[in-house]
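Just so you know, all these numbers are worked out from the coordinates, no wet-lab data involved. Predicted model only: the values in this text are computed from it and were never measured. Here the Cβ positions follow ideal geometry from the backbone for every residue, glycine too, while neighbour counts run over all protein chains shown.
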Amino acid sequence: MNHQSGINKKAWEYRAYEFWEKRDGTPREKAGKILEDPKGSLKKHRHYFEEINGLKVANVCGSNGRKAVPLSVLGAEVTVFDISEENRKYALELAECANTSIDYVVGDIYDLNVDRYREGFDVLYLEGGVLHYFHDIERFMGILFSILQPGGRMILSDYHPFGRCIGADSTYQPVYFDGTLRQGDVAYKQFFDEDEQPDFPDVSIRHFTLSEILNAVIRSGFKIEEFTKHRGWTGENLPWEFTVLASK
């Protein structure tokens, strides 16, 4: 496991299960919501999964299973790759409560046994903002390309790099081209009391420009089929997220 991944593993195994219960409810409560509308749980990406029954899906950095479980309920064979044992614990309990099953592989994606999974998946699904956890995006994309079967597709959704240039008070921050590897807050730190927050380990992140992301996808061998920008969570008239649909 490389140094950056080791830092991120430590951070994402600190009270992550507790956070998911705070945000999403217990696995049983979350499963109940998923079962009411599994396709709805996929939100803006639901139209990519119209015909998913029987397909093998790799949910890379799949976190607490919030996307893997509805995909499994819809009939896909889902494998989650993630670095956190705490995430795995919640995800497997979530799957059990939803009366389905998923495979969950904990480890550094850089250390993935590519020969074992080579061309083993019909679909790769990455969402929720994961690219900044991988300082070598070219290597990361190369691994993804290797485990996707010919004719398969990758659905990659992440934060739009433009959003980093807008501060909390809507002021401009000239950081777009800053690709420095730096320490930052783990994503869920703010959900805990202020007097507890100093105890949370930092994550190690490296931000990329949009051209760096798209060029890494292309150079790895993927063919970009579609590129979509998304508004913010409350409808802001700014590009806060994007989705790349690519094929092999």
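Straight Cα distances below 12 angstrom link LYS248 to the aspartates and glutamates GLU119, ASP122, GLU225, with same-chain residues fewer than 8 positions distant left out.
First obtain the Kirkwood hydrodynamic radius of the chain from its Cα pairs, then insert it into the Stokes-Einstein equation at 4 °C and 1.567 mPa s, and state the resulting D in µm² per second as a whole number.
Rounded, D is 69 µm²/s.
Packing order of peptides 64-72, 226-234, 138-146, highest average first: 64-72, 138-146, 226-234 (average count of other Cβ atoms within 10 Å over each peptide's residues). With a threshold of 26 Å on the Cα-Cα distance, the over-threshold entries among LYS39/LYS189; LYS67/LYS189; LYS30/LYS223; LYS39/LYS229; LYS10/LYS229 are LYS39/LYS189; LYS30/LYS223; LYS10/LYS229. What residues from region 176-208 fall in the zone where the backbone N is under 19 Å from a label point 7 Å along the Cα-to-C-beta line of GLU236? Label zone hits: 176-178, 185-191, 207-208.
Between CYS165 and GLU96, the contour length at 0.36 nm per residue exceeds the Cα-Cα span by 20.7 nm.
The simple Förster model, with R0 at 30 Å and r as the Cβ-Cβ distance, assigns GLU85 and GLU36 a FRET efficiency of 0.55. Summed over qualifying helices (DSSP H, 4 residues or more, each -39500 (n - 2.57)) and divided by its residue number, the chain shows a 222 nm mean residue ellipticity of -8500 deg cm²/dmol.
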